[in-house]
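Reviewing the structure listed below.
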Amino acid sequence: MKETTRSHPLFLGVLVAALLVPAYIGFRLPNYWSTSLALVNSNDGFYRRAAFGTVFKPLWAIFDFAYSTFAVTSVLLLLALLACIVVAASKATNDSQRLVALLWILAPTGAFLFHIVGYLDILLYLALFAAILLVDRNHPWWATAVMASSAFIHENMLLATLPVFLYRVMAAYGPRKAFATCLAPVAAVVAVVLMPQIETAKREIALAKWDSAVEFPIRYDAINLQARSLSDAWQLYSVWDVSMWVIPIAVGIVIGWVLLIVDRNRVLGTGVALGLVAMAASLAPLALGFLGWDASRWNFLALSNFALIAFAWLNMYSQRLNLLVAVGCLMPFLPLFYQPLAYFDEVSPRAIAPQVVVQYLKAEVPEGFFSLPKA
């Protein structure tokens, strides 16, 4: 049963007001890990994850590689992604979609987005929003080009954003075109992975040059990722331990999608196959646990994918909010009550107890929001 066929203008104000909560809880200036990765560029011999640094290198040079330039650029990119989220969410046509949007914003996921300001994940999701816009305007092949280009930002897009793109194209055009449009992005990822690693001598030359140019501490461990193989990475962390962190989120996502699929099948009698694709696309970022140790980041990406896909899913049949839909939307986020998203660099979420907020706003806003990160 359809609830409404148009967006609610008041919801836009609710979204913007709701974003103030995660902004307060999670925002900090970009850490030195992300600013160090922003230095990586193809002119200095790097290939993987070099697109961002290559494009913005002239800007860094104009402002003498000042940390403030990196920080302002990162914040502007974050604001651009937030604008995409608000615009997309404001077009919700039923309360089920509005619930998904508010759950993602007010759960720890919203604050975590502000916490990872400067990370390349933000660029990947900006590219995803651009590709989805092109799909919605009947330009799937241009969307494919955008997704393929994002592989040169970070190869993680294969498991982070490409599954969402696959789902959206499949929902719009069917499985044949969906798989066809994903061939170029997959090929781009393969090309990036097969690119030769930077030679040690070139890396040392680049690091020496950057040391003399930048005003902030360079995270050499971030740069050295360029020369580290998968087997080397596995020596630094336990895949088993990461798996233990992501399994609760995986279980929540599976239960959530089962409930949403059952609800749609009850109403329309269809949607099981597409629902299974949606479930797999939501779970895909958790497989990044085999490639790196950022378990909280993988959980964040999986929950973000769930929210993006569930929002589109619920728009397809505008189902009135009921208990089955509400529980299905809530289930993926429930594990966060028992297993919070861990912040990087010994940073913690800000408390939202009234007395703490008042004290913070009176005395610590400049220091808490705008102080330089730890080296």
Reachable lysines from Lys202, criterion Cα separation under 22 angstrom, eight or more residues apart if same chain: Lys57
Amide proton proximity set for Asn41, modelled H, under 5 Å, gap of 5+: Phe46
Spatially proximal aspartates and glutamates relative to Lys374 (Cα-Cα < 16 Å; intrachain offsets below 8 disregarded): Glu215, Asp221, Asp345, Glu346
Whichever lysines have a C-alpha closer than 30 Å to that of Lys91, once near sequence neighbours (fewer than 8 apart) are set aside: Lys2, Lys177
DSSP-assigned coil residues among trypsin sites (Lys or Arg not before Pro) in segment 204-277, each with at most 14 further Cβ atoms within 10 Å: Arg228
Net lengthening on full extension, Glu215/Ala180 (0.36 nm per residue, minus Cα-Cα): 8.0 nm
The chain: relative contact order in percent, alpha carbon pairs under 8 Å with at least 6 residues between: 26 percent
Paired Rg and Dmax values of the chain, which use every Cα atom, in angstrom: 20.9, 65
Distance between segment 241-287 and segment 45-87 - C-alpha centres, whole angstrom: 34 Å
Expected 222 nm ellipticity per residue - DSSP helices of 4 or more, -39500 (n - 2.57), all of the chain, to 500: -21000 deg cm²/dmol
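Here, each number is a calculation from the coordinates, and none is a lab measurement. The model shown is predicted, which means the values in this text are computed figures rather than measured ones. Positions of Cβ are generated from backbone atoms using ideal geometry, with glycine treated the same way; all protein chains shown enter the neighbour counts.
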